[in-house]
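The values are calculated or read from the model by the stated rules, or taken from the named source; none is laboratory data. Please read all numbers here as calculations on a predicted model, not as lab measurements. Cβ sites come from the backbone with ideal geometry, for glycine too, and all protein chains shown count toward neighbours. For accessibility, only protein heavy atoms count, side chains too; no ligands or nucleic acids. Shrake-Rupley method; radii C 1.70, N 1.55, O 1.52, S 1.80 Å.
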Amino acid sequence: MATRILLVEHEAILADCLCADLLQNRFVVDLCVDGIDGRRMALAGEHDLILLDVRLRGVDGFAILSELRQRMSTPVIMLSDSDGVQDRVRGLRAGADDFLSK
């Protein structure tokens with residue numbers, strides 16, 4: 001069975017590129033472009049990995065991560081357009097498995 005990834009990313013071009021790369025490597029990908037749908041899908045618990053943007057419309061990535069960690073341990077990689085150390089530290093302390101700059 002293929003690994004199922006939830007990508008929660010608001011930047012359309014980046015989301016399209018990531019989806020294409022993941023699909024080419026035979027991952028199953030579900031895409032959400034805002035925090036509200038992303039939170040709903042993440043909490044459904046149907047994914048093997050979540051790629052979670054920090055800055056989202058509706059609900060930010062940190063809030064989604066906090067809810068996830070209260071309920072489940074699905075691996076989460078946070079994505080940020082900021083190179084700031086504060087976001088990285090905040091995400092890792094909140095339970096992210098890794099943190100990548102876009």
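For residue 71, neighbours were defined as the other residues whose beta-carbon sits under 15 Å from its Cβ, and their charges (Lys and Arg +1, Asp and Glu -1) total +1. Taking every DSSP helix (H) stretch of at least 4 residues in the chain, weighting each as -39,500 (n - 2.57) and dividing the sum by the residue count yields a mean residue ellipticity at 222 nm of -12500 deg cm²/dmol.
Here, P(r) means the percent of Cα pairs in each 5 Å bin from 0 to the largest distance; for the chain it is 2, 14, 27, 27, 19, 9, 2, 0. With just the Cα atoms defining each centre, how far is segment 1-23 from segment 41-102? Give it in Å. Their Cα centres are 15 Å away from one another. Amide H contacts for residue 29 (H built 1.01 Å from N in the peptide plane; partners 5 or more residues away or on another chain; cut-off under 5 Å): 5. Of the whole protein surface, residue 101 contributes about 50 Å² of accessible area at a 1.4 Å probe radius.
Once all protein chains are placed together, residue 46 keeps about 100 Å² accessible to a 1.4 angstrom probe. Shape of segment 24-78 from the C-alpha gyration tensor: oblate (a/c of 1.5 or more and a/b not above b/c, with a ≥ b ≥ c the square roots of its eigenvalues).
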